[in-house]
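The values are calculated or read from the model by the stated rules, or taken from the named source; none is laboratory data. Given the structure is predicted, the values throughout are model-derived calculations rather than measurements. In this analysis, Cβ positions are derived from the backbone assuming ideal geometry, glycine residues included, and neighbour counts consider all displayed protein chains.
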Amino acid sequence: MKLPFLSALFTVTGQTRIPAGFRAPTNDHFCIAQQISGDSGKKFENKHQFTYCYAQQTKAGALPRLPQCRHAKRLMLVRLEKIRGWTLFGDGMLKKLVLFDIDGTLLTMNAINRTVLVDALREVYGTAGSAATCNFAGKMDSRIIYETMQSAGLTDAEIANKFELAKTTYIELFRTHAKLTDVTLIEGVRELLDVLSTHSELFLGLLTGNFEASGRHKLLLPDLNHYFTFGAFADDGCYRNDLPPVAVEKAYQLTGVQFSEQDIIIIGDTEHDIACARTVNAKSIAVATGTYPTEELRKHQPHVLLENLSQTDAVLREILHSSIN
């Protein structure tokens with residue numbers, strides 16, 4: 001049996017209650033899930049492996065509000081191809097793409113980040129170069145490895161030859177040694193994300209210099225990872241200015257929505273976040289919660305400059321306000 005319109009299909013682990021107004025999965029829904037997920041290689045062994053499956057017959061263009069899963073440990077959206085003119089997300093639902101930096105914006109890490117990088121570089125290259133003193137603020141993890149190894153006299157070819165091993169070693173060491181006690185949440189972050197996650201017109205993502213695996217681990221420790229369906233990471237480009245177009249394209253691939261420049265907001269704590277927002281004419285919101293003081297950030301002319309993210313209502317207004325003038 002095929003339903004004329006499959007409105008939403010997604011998986012949530014750690015949550016077992018069917019939201020009010022949503023049907024429990026049926027065998028018919030499960031068969032559709034198998035058919036769609038099979039195209040991407042993802043296989044469901046049985047219908048209990050996905051917690052929610054909401055499917056209904058409706059006329060084209062009727063977009064149901066997806067239930068909020070704020071406390072889920074992980075959210076996996078299965079992107080659906082158009083079914084008779086309908087997509088998982090639509091222009092009538094999503095209005096803003098909101099991209100967050102991690103370090104210095106959402107949280108700070110103690111010395112563990114630098115310590116494991118030093119250990120990884122020594123293990124792979126035999127030297128840590130300038131990793132013990134290099135300023136990491138706003139830089140891509142990939143560039144940090146190159147710059148610190150260049151300072152030790154290695155050629156680009158020598159660095160590239162062992163780069164993937166260095167990356168993997170760093171990520172494995174970070175996942176092994178970084179603990180919740182190494183993380184400090186920035187003031188107001190959790191409260192802000194709680195509020196933003198209730199706004200169905202907002203699509204939250206990450207734009208960060210972290211490798212995805214290590215960046216996600218940083219967010220998993222204080223239970224922030226589930227707020228962010230996708231992101232652009234150091235795996236996606238050599239420089240931060242490479243990332244905004246990547247994030248916009250990923251958002252389009254996931255949602256079917258082509259976000260225009262006035263509807264993209266990039267939030268970060270360094271001049272690099274402000275500069276990369278300009279590459280797509282996005283609205284930049286700078287926060288003085290990292291190593292850059294307010295006056296230094298002001299010199300780089302962000303559209304909005306905040307001391308922190310603790311004034312939830314004020315931050316929300318800036319996100320929802322389209323103008324960047």
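Residue by residue, here is whether (1) crowded, with 16+ Cβ neighbours inside 10 Å; (2) not basic (Lys, Arg) holds:
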| site | (1), (2) |
| --- | --- |
| Tyr146 | yes, yes |
| Ala157 | no, yes |
| Leu204 | yes, yes |
| Lys218 | yes, no |
(message) Can you go through Ser284, Ser260 and tell me which one is among the polar types (S, T, N, Q) and either outside the structural domain of Val189 (by TED's automatic domain parsing) or touching a Pro at 6+ places or on another chain (Cβ under 8 Å) (or both)?
(response) Ser284
(request) Within region 265-314, count every residue that is of a type in the set (A, V, I, L, M), crowded, with 23+ Cβ neighbours inside 10 Å and farther than 13 Å from Asn241 by Cα. (result) 7
(request) Could you name every one of the helices (runs of 4 or more DSSP H) located completely within region 170-275 that has at least 2 residues being more than 14 Å from the chain's Cα centre (by Cα)? (result) 189-196, 243-255
(request) Go through (1) surrounded by 14 or more Cβ atoms within 10 Å (Cβ to Cβ); (2) farther than 23 Å from Pro245 by Cβ one by one and return the number of the condition Ile319 breaks. (result) (2)
(message) Regarding region 235-255, can at least one residue be identified that is of a type in the set (Phe, Trp, Tyr), in contact (Cβ under 8 Å) with a residue 24 or more places away in the chain and more than 23 Å from Ala137 (Cα to Cα)?
(response) no
